[in-house]
1. What are the residues in region 439-457 that are touching a Gly at 6+ places or on another chain (Cβ under 7 Å) and either part of a loop (DSSP other than H, G, I, E, B) or basic (K, R) (or both), if any?
2. Could you say whether any residue in region 200-210 is assigned to a loop (DSSP other than H, G, I, E, B), farther than 25 Å from P28 by Cβ, within 16 Å of the ligand (Cβ to nearest atom) and out of contact with any Cys (no Cβ under 8 Å at 6 or more places or on another chain)?
3. In region 599-616, how many residues are free of Cβ contacts under 8 Å to residues at least 40 places away in the same chain and in a helix (DSSP H, G or I)?
4. Which of the numbered conditions does E56 fail, given that it passes all the others? Conditions: (1) over 30 Å from T235 (Cα atoms); (2) free of Cβ contacts under 8 Å to residues at least 24 places away in the same chain; (3) surrounded by 15 or more Cβ atoms within 10 Å (Cβ to Cβ).
5. Looking at Y319, Y298, can you tell me which residue is surrounded by 19 or more Cβ atoms within 10 Å (Cβ to Cβ) and of a type in the set (S, T, Y)?
6. Please specify each residue of region 631-640 satisfying the condition of being surrounded by fewer than 19 Cβ atoms within 10 Å (Cβ to Cβ) and either within 14 Å of the ligand (Cβ to nearest atom) or closer than 12 Å to S483 by Cα (or both).
7. Tell me, please, whether a residue that is in contact (Cβ under 8 Å) with a residue 60 or more places away in the chain, farther than 20 Å from E422 by Cα and hydroxyl-bearing (S, T, Y) can be found in region 225-237.
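Values in this text are rule-based calculations from the coordinates and carry no lab data. This is a predicted model, so every value here is computed, not measured. Glycine also receives a Cβ, built like all others from the backbone with ideal geometry; neighbour counts cover every protein chain displayed.
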Amino acid sequence: MESQTSQFNFDRRLWNRFITVAQPYFYPVVRRGGWIFLGLLAAAMVFVVALMFFVEIGVTLAGQALFPEFFTNVAAGLVAQTERNLVSPVLWVAAVSLGLSSLCFVAVWRQIHQRWVQWVLLTFLLFLSLTVNRLNVMISFIFRFIDTALQQKEEPTFWQFLIIYGVLIISAIPILVIYRYTRLKLGLFWREWLTQYFLDRYFDQRAYYELDSNAANTEIDNPDQRMSEDVRSFTGTTLSFLLDILDSILTLYAFTGILYGISRPLALGLVIYATVGTGIAILAGRKLIKINFDQLRYEADFRYSLVHVRDNAESIAFYQGEGQELRQILERFGSALRNFNLLIIWQAVIDIFQYAYNYFTRIVPYVIVAPLYFSGVRDFGTITQATIAFSQVLSALSIVANQIQSISSFAAGINRLGAFHESLEDPALRYTRDRESTIQTRIAHQLALNNVTLLTPNSEQTLVRDLSFALEAGQRLLIVGVSGSGKSSLLRAIAGLWTNGKGSITRPDTEEMLFLPQKPYMLLGSLRDQLLYPMRRQDLTDEDLVRVLNQVNLGGLPERLDGFDAEKDWANTLSLGEQQRLAFARILITQPRYAILDEATSALDVANEKLLYLQLQHLNTTYISVGHRPSLLAYHDLVLELQGGSAWQLWSAAEYSAHLAMAS
Ligand SMILES: Nc1ncnc2c1ncn2[C@@H]1O[C@H](COP(=O)(O)OP(=O)(O)OP(=O)(O)O)[C@@H](O)[C@H]1O
């Protein structure tokens, strides 16, 4: 896999990642889906602009019909413009644009019919953005009239326009509020969908397990942050950039003509100026992507170290490891601060560029238009108009140059989400090294291993070589061996968690098997949730649960801990032995065909261990245990001894007992 940390550029890869993450909410992922998505977006923009054209004509005509005197006196320019529009070819262009853009949506309706809410909201949002843009233009006109009336001391006109302004603002406020609300609402829907999209893939095929996101050399650090903060800022920022781009296009449309009319060299000079500025901003911004990317990681690492302390509070307290923990946390915090320092230095460098870029622009129109004025070709007002048009067009063209900081941090977020998406979609990318071969799994009624050679995920150790055995129904196997010989790993291979190696494993479907891992797992939730984990059987009453708890010697638990529905921090409330017994109760409730127990009774006294195994023998469950204690031999028929160095031997329980007796 190409190293992601070496790829911080505004390039095709970034663009592809952006489309990959942004598209699925609006258009299903299919061949050429990205282009169709962009086409639809353009169609939505065209639709909105054409619609606005007709809305403006409609509003003016309606206004003229309702208040003829007012419109003829006050908005004569608007009326004249509307009358010109009604006979101009632009009317037909707008009508055709409206029809064609609608047809684009009709053409792909089958693909997007489940996504109509987002398209309606997005189109509405674009329309509102355009309305707000128009309102601003109107307000600018009103103030021009107010200023002129003041200057010419036309008091009635002055008051008239002030009242018009008041009325306009009263009608504009709801539009502004709805505009903002719609933008946030669409962001919220999108975030909900995208988070769900990532979560589904995160839990699919145990990606969360294989990502190994705590390893120092991992490509995908802190998936939690990617799914929470990165997704949130991705959706919000994409929408606001989209609206900014629309705004820029409209501004360009409105003012480029004016500018070109005044001076061609000015228009041309502006394009060159903005292109150079954008180029420099992109060059400087590239550096910022990497720094922003690192910042997100360092911040998440810092937060994780604090969560880690919270999760392991008791162990740290026993060890009195506060000093060490504090040092670790401060180190991570230090990395975040150092990187942030770098960020503000680079921002200062970019600020130099941006200030220069924006202040120099004030000179440019004068430099180009003043000679025209001096030579008498243009009048004085032209300079003012050119300056306004120039600054409008420039700000539209300078969207990248002026927002490079936020664009680079947006790009960093896109890279984090894009890389995460890639590794979730393609399991091969999750491993740091290429696998030469994998252990094959077949689903069958019984469990059997055929010539299995098992390696650790990083291929550093071969744990067992050419291991073969088969378990008959009802046969019970005990796996023994020195610490680190690979006992738990063998169970991981049976469960399909580890597949690095050769050979094949035949086993029942995992739904028919229940694994109790070495560390008893206590989920977040109530005592009922603990007992019913992982399959939520709805048919069990409280009496059934109490009966099961009695079987594992935990009958008093509900009374002691406020019933079945109180939520507690179970891992810290229950003793290790209690947690193991609770985990064992899950087997008695689930009654799987196969149970796999990894030192599941290691924290229990021998009497409790015996009680649990006797319960297990009453079920129709075939089980495999891993354990060190000789007392376990009594509950098993076969013994698999892992001898270290990838050697193994299979014994009957009786033979192994005799072997132990001889050895001692
Ligand atoms: N994720 C991993 N990546 C690489 N090596 C690992 C990984 N997990 C475990 N190992 C290594 O694999 C070997 C076998 O580990 P395993 O947990 O299977 O031992 P075990 O026999 O169950 O030990 P114990 O009796 O102490 O629980 C160990 O040397 C361990 O360090």
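1. I439
2. Initially, region 200-210 is screened for residues assigned to a loop (DSSP other than H, G, I, E, B), giving none.
Within region 200-210, not a single residue is assigned to a loop (DSSP other than H, G, I, E, B), farther than 25 Å from P28 by Cβ, within 16 Å of the ligand (Cβ to nearest atom) and out of contact with any Cys (no Cβ under 8 Å at 6 or more places or on another chain).
3. 7
4. (2)
5. Details: Y319 fails: surrounded by 19 or more Cβ atoms within 10 Å (Cβ to Cβ).
Sole residue among the options that is surrounded by 19 or more Cβ atoms within 10 Å (Cβ to Cβ) and of a type in the set (S, T, Y): Y298.
6. So in region 631-640, the residues surrounded by fewer than 19 Cβ atoms within 10 Å (Cβ to Cβ) come out as 631, 633-634, 637.
Hits for region 631-640: nothing passes.
7. yes
Here is a yes/no grid of residues against (1) touching a helix residue (DSSP H, G or I) at 6+ places or on another chain (Cβ under 7 Å); (2) of a type in the set (G, A, S):
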position	(1), (2)
L417	yes, no
I443	no, no
A448	no, yes
V464	yes, no
